[in-house]
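This report refers to the structure that appears directly beneath it.
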Amino acid sequence: MFWNNVKIALRNLRKHKIFAAINVLGLALGLTVYLFGGLLTKYERSHDLFFANADRIVTIGSVAAPELNVGFEWMGTTFTAVAPIIEIEIKDVEAVARSIASEFLVSTGAESFYEGIRFADPALLDIFDFEFLQGDSNALDDPSALLLSESAAIKYFGRTDVRGEVITLDNEFDFHIGAVIRDVPLNSHFRSSLAEEFGIDFVVPVAAFKRMRDQEVDTNWSNLSLGNMTYVLLPEGFTADWLRAQMAGLYERLVPEDQKEVISGFTVSPVVEANTSLWDMIGLPVIDAVALLSFLVLIIACVNYTNLATAQSLGRSREVGMRKTMGASQSQLLTQFLVESLVIATIAMVIAIAALEMIIPVFNNAASKALSLDYLGTLPWLVITTLVVGIFAGAYPAWLITRANPIDALRDVARKGKKGTLMRSIMIGAQFAISAFMLASVSIIYMQNERVKDASYEFPRSEIYVIDRLDIEGISDKLDTLRQELEALPNVEHVAYSWQVPYEQNNATTGLLKNPGDEASEFTLMNLNMTPEFLDTYDIPVIAGRNLSRDIANDRRDDESTTLNVLINELALDKIGAASAQDAINMRFYASNPESKVREFIVVGVVPTQNIVGLFNQKKAWFYHYTPDGLRIASVRISGGNIMTTVDEIEKVWDRVVPEYPIQGRFLDEVFNDVYKILRFMNLALAGFAFIALALALIGLFGLAAFMAAQRTKEIGVRKVLGATSTQIARLLVWQFSKPVMWALFIALPAAYFGSSIYLNFFADRISTQLPILAVAGAIAVLLAWGTIAGHAIRIARADPVLALRYE
Amino acid sequence: MLKLHNLYKVYRTDEVETVALNGVNMEVRQGDFVAIMGPSGCGKSTLLNIVGLLDNPSDGNYFFFDENVAPYTEAQRSKIRKQNIGFIFQSFNLIDELTVAENIELALLYHNMPAAERKRRIASVMDRMGIAHRANHMPGQLSGGQQQRVAVARAVVGDQPLILADEPTGNLDSVHGQEVMELLRSLNKEGTTIVMVTHSPAHADYAHRTVNLFDGHVVTENTRAA
């Protein structure tokens, strides 16, 4: 009996090839998206589980104090001073280790590259069981030892037996290689493409950091860099909650009072969450969104199938009638139809798996991930999905078709009557509601992301070449020479130095006083250290007063300065109490930090407000000053000529002036693209989902329109004989499907408005065209639906009426 | 075998009430060959549906082997139906997606019969109907007469004692029509009871007895000597 059912299912597929193709491919598409979404979600959520202690490793983060105003509620990092305290105060923990990320120039005799270095406590090697090719987990006990990954060893030496070889950091600090580890798999937060792109190729003891950067690590309560991690290995049988309670007590007793205004507590997260912590911090539920959207696409595909199968099954009511006459019970027939939909679901699943086998390698390559379709592990999931999809999608048509009594079935009453049309309309409506919702909300998200991009053009980002890492001792004393040589190049217009360039994320604020010594008049400004050429380089006009100058004594800060001339932007006017830009000139404000040598700032110029940090940040109030020993990045404005030639020339100048260090240059465009990466990924992923959803809905509508038109062939014939024109008939058919589509919009558009508003709330600078975009998206959905149906309707309406009548 | 007593069938829609059967009394004994005749709309098909347990009467009693089946539910009727009744339709009602053999098998599929036994019976009935060489053809590849033989084979393969034929020759030309009638006659001789609706007086002549229906009444009954 079962095989008999399978056989009939296959023959039915063969007989109705177009419907079969639409059914199978639609379902396969839905399954592919769903499975891919599922694999991706699972992949991102299962990082680091291969470490033996994975379930006992936690990371310590910080709850951002409300006063900090950084735009997220917590950070996956904390001060480096915290780990030593945990070690002393919480005796039960098995191990505590920090990892501080920093970039250095790495050289062996022949090769030198800038690399991410992790400065780690020796216990890191006890917490994570790396696989040692050479050396062992005591490698970091020696403060001048360095641990190397297998691929880094091959990159620098061409082999892995490199223990004892010497590596130099920043041309100054020598380390000998104490251990070589096997590369950590891609699905670890150490190498995650979501978190910090820092890798774990070079690990150096924390002790060396103190020496090299001349910074105290164990008592540092000021740096909350995202690259810095604090790991704790919980003792067997203890939970993260236990540590949370311990950390809460520790916060109360041991965090310095002034730091309590920065962080209002500690967080304790399992290491498995470290991979996605960046997105969790921003509060964008990207992974949940992927899971939800891929599930919605599957639902659309299922509804698609149900709808087509329902329409199609009505054509088989004679078969059902015959079987019932022969004594088949409803449950036997239900089984038959469910077996059929299971057969289709199985075929679709096989196609989906084949598609995934092709997509996954390409995706892994493009996104540097290591997704895999592990058949053994995912088999239960695949089988259950197939069963659920087959039964869910096939249940309604099976029930509908097998419900009729045998006489009605034999007479084909169902086919001629209105049976199921309401349900079909509801299904089309649901399908369109989901896809219009996706289209509309994705359009809004897309436009918002585009706006972020457009806003970034307020700086001439494609004409500026930035050179990073000028704050190294061997470079910073050559900046004047470098600037003069670069400015002499034919196509270089301006050269400016600054601490940061636009789009770099920065939340460092400076506390200032309106009145000297009056704590109550405190306010904060962001500050940008730059050379006077910065304004010309970035096309920033001066609205009032004048630009800073190299020739005026108080315009530049040196070791003796107590008074400093500065620029402010318009947003800062209010903060210092100025009524207008003109009014602000010569106004003063004062340092609130008693240790600061500079006590007084005098406004000499005002510039317009710009969104220097970009993305979701609000425009902020800034002041601009010129402090020659805090310059990190050069901005070289190039105009005219062949850009690549100019870049070559810049590099040549660099090699001549600073031969010891390779140039770290790139266009400002790339700086922007770096921070825009997440949004671009969203644009791509969301657009993909919306496209597939809409395509599925249209395919379904196409199939259904074809089917319903065939059903109404006789009616159409009669109407034509009675004098209806082709246009009237086409309109009739189009209208039949328009109603559910319109209803769908009533539900979808408000939902999209609501959903996209949540997203827009992340941005300070929002698009104002939300409603028009919704209207356009709705109109597009309706037009596409009409187009799809009309194609059919017109062909059928034009057919010879006699042909139409004879059809029955 | 069958006894119909004062049988009514009324179709109701919101506004119209149509009386299809208006107090029909009729009896069919085992081994009978009965033809039901009458003009379009006289209730022939309705009667056959009720006799075939595809439908319930609105009123009256229907004794099937001394059992009053009139109030039975579809599930109960289905059980009796598959044990006792084979159907032949004017439009054959073969399933296009199944081969000849599989179409015949359909009648055994819901009987909990082992596959080997089903095979044996199908082979034997196809031999009897002269369609053995067509076993693996699809219905669409056969002529009308051949299709109706398949339908007849399907009706008798389960050894049902009663065959109901609804204008079995209606879609056939005279030669093929006659063939099918011969087939029915020989089945009847072997002991199968047959009730047949027909428009053709010539084909009605094959029956022992003709019942004429008009507006839901039995008007005349003619019995022929066998």
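Annotations for the structure displayed:
- In this rough spin-label picture, where each label sits 7 Å from Cα along the Cβ direction, the A:GLU670-A:ARG588 distance is 4.6 nm.
- The label point for A:GLU357 and the one for A:THR108, both projected 7 Å from the Cα toward the Cβ, are 4.0 nm apart.
- FRET E, pair A:ASP258, A:ASP539, Förster distance 35 Å, beta-carbon r, rounded to 0.05: 0.30
- Unit charges on C-beta of K, R, D, E only; dipole of the protein assembly as shown, Debye: 8180 debye
- FRET E, pair A:ALA764, A:ASP558, Förster distance 45 Å, beta-carbon r, rounded to 0.05: 0.80
- Sparsely packed loop sites in the range B:1-36 (the GluC sites (Glu not before Pro) outside DSSP H, G, I, E and B with at most 13 other Cβ atoms within 10 Å) comprise B:GLU15.
- Of the trypsin sites (Lys or Arg not before Pro) in the range A:149-184, those whose Cβ has at most 15 other Cβ within 10 Å and which sit in DSSP loop: A:ARG159, A:ARG182
- Using alpha-carbon coordinates, inclination of helix A:643-657 to the longest axis of chain A, degrees: 30 degrees
- Cα-projected label distance for A:ALA248 with A:GLU595, points at 7 Å along beta-carbon direction, nm: 3.3 nm
- Angle between chain A longest axis and helix A:421-456 axis [Cα atoms, degrees, rounded to 10]: 20 degrees
- Among A:TRP654, A:LEU338, A:ALA440 - extreme Cα towards positive end, dipole of the protein assembly as shown, charges at beta-carbon: A:LEU338
- Gain upon complete extension [A:THR481, A:ASP136; 0.36 nm per residue less C-alpha separation]: 119.5 nm
- Averaged over the residues of peptide B:95-102, the number of Cβ atoms from other protein chains lying within 10 Å of each residue's Cβ is 5.
- Candidates B:ALA115, B:ALA155, B:ALA107, ranked by Gaussian network fluctuation over chain B, Cα under 10 Å, top entry: B:ALA115
- Taking a ≥ b ≥ c as the square roots of the eigenvalues of the Cα gyration tensor, the range A:301-375 is classed as prolate, since a/c reaches at least 1.5 and a/b is larger than b/c.
- Set of aspartates and glutamates with alpha-carbon distance to A:LYS260 below 16 Å, sequence-local pairs under 8 removed: A:GLU67, A:GLU73, A:GLU252
- Crossing angle, helix A:770-798 versus chain A [Cα axis fit, 0-90 degrees, rounded to tens]: 30 degrees
- Order of A:MET349, A:MET587 under a 10 Å beta carbon neighbour criterion, fewest first: A:MET587, A:MET349
- Shape category assigned to the range A:186-243 from the gyration tensor of Cα positions, a/c cut at 1.5: oblate
- Of the peptides A:273-280, B:170-177, A:563-570, A:669-676, the order by per-residue mean of other Cβ atoms within 10 Å, starting with the highest, comes out as A:563-570, A:273-280, A:669-676, B:170-177.
- Distance from the alpha carbon centroid of the range B:66-144 to that of the range B:1-28 works out to 28 angstrom.
- Taking A:SER549, B:SER40 and counting other C-beta atoms within 10 Å, the order from fewest to most: B:SER40, A:SER549
- Loop-located trypsin sites (Lys or Arg not before Pro) across the range B:1-72 with a Cβ neighbour count of 16 or fewer within 10 Å are B:ARG29, with loop assigned by DSSP.
- Derived from the Cα gyration tensor, the three semi-axes of the equivalent ellipsoid of the protein assembly as shown are 84, 33, 25 Å, largest first.
- Charge-dipole axis of chain A as Lys and Arg at +1 and Asp and Glu at -1 on Cβ define it, positive-most pick from A:LEU696, A:ALA366, A:MET427: A:MET427
- Estimated FRET transfer efficiency (B:ALA123, A:PHE754; beta-carbon r; R0 51 Å; 0.05): 0.15
- Of B:VAL19, B:VAL195, B:VAL156, the one that fluctuates the most in a GNM where chain B has Cα springs shorter than 10 Å: B:VAL19
- Per-residue shielding of A:370-382, expressed as the average number of other chain Cβ atoms within 10 Å of the residue Cβ, stands at 0.
- The range A:1-150: C-alpha gyration tensor shape, a/c 1.5 cut-off, then a/b vs b/c: prolate
- Fully extended contour minus Cα-Cα distance, from B:ASP173 to B:ALA75, at 0.36 nm per residue: 31.5 nm
- Within the protein assembly as shown, percent of DSSP bridges classed antiparallel, to nearest 5: 70 percent
- Value at 222 nm in deg cm²/dmol, rounded to 500, when DSSP H runs of n ≥ 4 in chain A each add -39,500 (n - 2.57): -16500 deg cm²/dmol
- Per-residue mean of C-beta atoms belonging to partner chains within 10 Å, peptide B:105-114: 4
Each value in this text was obtained by applying a stated rule to the coordinates, not by laboratory testing. Predicted model, so just to flag it, every value in this text is computed and none were measured. Methodologically, a virtual Cβ is constructed for each residue, glycine included, from the backbone with ideal geometry; neighbour enumeration extends over all protein chains shown.
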